[in-house]
Amino acid sequence: MPELPEVETVRRGLAPAMEGARLAKVEVRRRDLRWPLPKNFAQRLEGHTVTGLGRRAKYLLADLSSGDVLVMHLGMSGSFRVDHDGAKGVLAKYHHEKSKSPAHDHVVFHMSNGATVTFNDPRRFGSMKLVARSKLDSEPLLRSIGPEPLGNEFDARMLARACAGKKTSLKAALSDQRKVAGLGNIYVCEALFRARLSPKRLASTIAGRNGEPNARAAALVDAIKAVLHDAIKAGGSSLRDHRRADGSLGDFQHNFQAYDREGAPCPACKGKNKTKIKRIVQTGRSTFYCPSCQK
């Protein structure tokens, strides 16, 4: 499933095709995605302008001149294919071999600027929902999501308070969308490696008894921000699905220091006998870390 950097890459790629353009026509070719599309979905969209295209955690948010917000999630295999003035070209896409089939083109947005934006999703785990802007904060999909890790308000104090007293592992805490928005398996592993913190460490150990942050919390916040900025700059990570805005592969997978590197020598260990990256399973997901560097 895409994480924050991949969704942000999609947002930046779709923005030139959608922002400021009117939804001239909307085709609904299949109504049952992860859940059914809203009633009168096409009619509620047609004729309205996309005034802005944002992101909240792993969701894309298209603000409409009607006062509604189109909330979109890519799911496991969702992709946006963009054609402009008859010339086909991918602006932002999650690639899946089956996505070449028009049978999986479920929603098509015909924009007033000549762009056609097609949502393709072979597995149909993606979703679209219309929410009034005034009710967005109380929307069940979004209301319990934690702070954006790239936001100015996200700091060591905020993270420490979210983890204070928690008996869960640090890996599990960071993967909890209620504590930090948009992080998933890849970037949690990479951030913990950069911060030199074990994924098995209790989450509570980054905070003092009063919930105040310690040096671990500060190092972890710095690592989270740095790895996300680096991943976005690289166009995200392409393992199987992700393509960057021009259709080429993202590059950040070539910069992994821990994730998916089981058995490889730790790049941070000093000396000739470097510890090998180890894989363990936490909450049903693979975790990669260096037992020597990460304590």
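Quick look at the numbers
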item	result
222 nm mean residue ellipticity, helices alone, for the chain (DSSP H n ≥ 4; -39,500 (n - 2.57); rounded to 500)	-6500 deg cm²/dmol
Environment charge at Leu61 (Cβ cut-off 15 Å; Lys +1, Arg +1, Asp -1, Glu -1)	+2
C-alpha center-to-center spacing [region 34-87, region 141-171] in angstrom	28 Å
Cβ-derived FRET efficiency at R0 22 Å, Ser112 paired with Lys135, nearest 0.05	0.25
Magnitude of the charge dipole, the chain, Cβ model with Lys/Arg +1 and Asp/Glu -1, debye to 20	1300 debye
Length-normalised contact order for the chain - Cα pairs under 8 Å, 6+ apart - percent	18 percent
Electrostatic dipole magnitude of region 105-205 [Cβ: Lys, Arg +1; Asp, Glu -1; Cα centre; debye, to 20]	600 debye
Pairs beyond 25 Å (Cα-Cα), from Lys200/Lys274; Lys167/Lys233; Lys58/Lys135; Lys179/Lys200; Lys274/Lys295; Lys135/Lys166	Lys167/Lys233; Lys135/Lys166
Calculated P(r) tail over 14 Å for region 155-200, as whole % of Cα pairs	48 percent
Principal axis box of region 128-185, alpha-carbon based, largest edge first, Å	36, 22, 20
Relative packing of 262-268, 203-209, which averages over residues the other C-beta atoms within 10 Å, highest first	203-209, 262-268
Folded to 0 to 90 degrees: helix 4-18 orientation relative to the chain principal axis, Cα	20 degrees
Signed unit charges on C-beta, dipole axis of the chain, positive-most listed residue Thr168, Ser79, Cys189	Thr168
Solution diffusion estimate, µm²/s, Stokes-Einstein, region 125-243, Kirkwood Rh from C-alpha pairs, 25 °C, viscosity 0.890 mPa s	161 µm²/s
Values of log10 I(q)/I(0), in the order q = 0.15, 0.19 Å⁻¹, for region 29-85 under a Debye, Cα-only, solvent-free model	-0.52, -0.86
Listed residue (Gly13, Leu61, Ser127) projecting farthest to the positive dipole end of region 4-138, Cβ model	Ser127
Region 34-89, dipole about Cα centre (Lys/Arg Cβ +1, Asp/Glu Cβ -1), debye to the nearest 20	340 debye
Additional length obtainable on full extension of the chain from Lys272 to Phe125, 0.36 nm per residue less Cα span	48.3 nm
Mean projected area (nm²) of the alpha-carbon convex hull when the chain is viewed from all directions	15.9 nm²
Nearest-ten-degree value, helix 185-195 long axis tilted from longest Cα axis of the chain	40 degrees
Charge dipole (the chain, unit charges on Cβ, about Cα centre) - positive-most of Phe109, Gly52, Ser292	Ser292
Isolated Cys in the chain, by beta carbon distance under 4.7 Å	Cys163, Cys189
In order through region 111-127: 3J(HN,Hα) via Karplus (6.51 cos²θ - 1.76 cosθ + 1.60), integer Hz, x for Gly, Pro	8, 5, 8, x, 7, 10, 10, 10, 9, 10, 8, x, 8, 6, 9, x, 8
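The numbers here are math on the coordinates, done by the rules we state, and not lab data. Only a predicted model underlies this, so the values are computations on that prediction, with no experimental measurement involved. Here Cβ is always computed from backbone atoms with ideal geometry, including for glycine, and neighbour counts include all displayed protein chains.
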